[in-house]
Amino acid sequence: MSTRTPLMAGNWKMNLDWKQGLALVEELGEQLKDVDTSKVETVVLPPFVDIRTVQTAVEAGKLPIAYGAQDISEHESGAYTGEVSGPMLSALGCTYVAVGHSERRQYHGETEQITNNKVKAAFAAGLTPILCVGEPLEERKAGKHVEYTLAQLEGGIEGLDVEQAKQIVIAYEPVWAIGTGEVATPDDAQEVCAAIREALQAIYGAEVAGAVRVLYGGSVKSANVAELMEKQDVDGALVGGASLKAEEFAKIAGFQG
Ligand code: PEP
């Protein structure tokens with residue numbers, strides 16, 4: 001286990017309208033009363049239309065939950081119909097934003113360049129990007145998972161300065177493990193998370209590499225989180241399905257017992 005503060009981020013994806021989102025975040029606040037929240041950072045990433053409600057609930061209840069968005073526009077403002085900008089998200093009290101999720105890459109044609117622009121748009125708005133990287137099944141079968149993932153990492157962080165690099169969160173999410181119930185083994189997760197840290201060290205030096213939190217994502221649940229978190233280079237989890245149930249997600253946040 002690492003010395004970095006663990007981060008458990010729940011990606012709600014396109015689930016829960018604002019009323020359901022409100023119920024979930026309030027219930028999560030209740031469930032987190034059993035968790036030592038000074039030892040773990042708990043984050044939710046609701047759909048855009050739920051964020052204002054989540055903000056109100058978190059502020060009113062002083063809940064130990066940070067929140068953010070699942071995507072961000074590359075642009076700051078203007079004629080980009082349907083987009084939501086970084087400044088709009090920070091005005092809602094968001095602190096995190098997922099960038100380059102495999103579903104964005106796969107279904108919305110997000111290229112390395114777009115992902116890199118979004119990482120920079122997040123920093124420009126004072127948000128911390130959670131940059132998602134990870135290989136599809138064919139690359140894993142071909143033994144090219146590390147190479148593939150590091151190429152996405154390098155594309156995503158291109159042009160960041162040292163301060164930005166120190167702050168970014170990287171989520172290693174093998175595509176074959178997302179929403180499939182097929183979790184990577186702790187050793188598989190460690191192999192790639194360690195390779196990500198080594199790549200950061202080669203580019204930015206030991207201080208940055210030692211500071212960056214590298215999460216694992218892909219079918220994480222309360223039943224498998226502890227063994228993943230035992231690994232030296234796994235600093236938390238990006239959680240999809242299991243973040244939609246307050247009790248289950250609170251158990252994930254409370255993996256330290
Ligand atoms: C995700 O959406 O990032 C994810 C890891 O999903 P799941 O936990 O459902 O596999």
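Quick notes on this one:
- Among the residues of region 75-93, the ones that are in a loop (DSSP other than H, G, I, E, B) and open to solvent by 10 Å² or more (accessible area, probe 1.4 Å) come to 12 in all.
One line per residue, one yes/no per condition, for (1) of a type in the set (Phe, Trp, Tyr); (2) open to solvent by 70 Å² or more (accessible area, probe 1.4 Å); (3) out of contact with any Leu (no Cβ under 8 Å at 6 or more places or on another chain); (4) on the phi > 0 side of the Ramachandran plot:
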| site | (1), (2), (3), (4) |
| --- | --- |
| Ala9 | no, no, no, no |
| Lys13 | no, no, yes, yes |
| Glu27 | no, yes, yes, no |
| Thr37 | no, no, yes, no |
| Val43 | no, no, no, no |
| Gln55 | no, no, no, no |
| Gln70 | no, no, no, no |
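- Residue that is farthest from Thr95 (Cα to Cα), among those in region 136-172 that are within 13 Å of the ligand (Cβ to nearest atom) and out of contact with any helix residue (DSSP H, G or I) (no Cβ under 6 Å at 6 or more places or on another chain): Ala171
- Counted residues, region 35-81 - those being free of Cβ contacts under 8 Å to residues at least 12 places away in the same chain and farther than 15 Å from Ala91 by Cβ: 7
- The set of residues in region 103-126 being surrounded by 22 or more Cβ atoms within 10 Å (Cβ to Cβ) and either away from the ligand (no atom under 16 Å from the Cβ) or not β-branched (Val, Ile, Thr) (or both) consists of Lys118, Val119, Ala121, Ala122.
- Positions within region 22-47 being within 16 Å of the ligand (Cβ to nearest atom) and either small (Gly, Ala, Ser) or farther than 15 Å from Glu247 by Cα (or both), in sequence order: Leu45, Pro46, Pro47
The values are calculated or read from the model by the stated rules, or taken from the named source; none is laboratory data. What you are looking at is a predicted structure, and each value in this text was computed from that prediction instead of being measured. Every residue, glycine among them, receives a Cβ derived from its backbone with ideal geometry; neighbour counts consider all protein chains shown. Note: accessible area is taken over every heavy atom of the protein model, side chains too, but ligands, DNA and RNA are not part of it. Shrake-Rupley method; radii C 1.70, N 1.55, O 1.52, S 1.80 Å.
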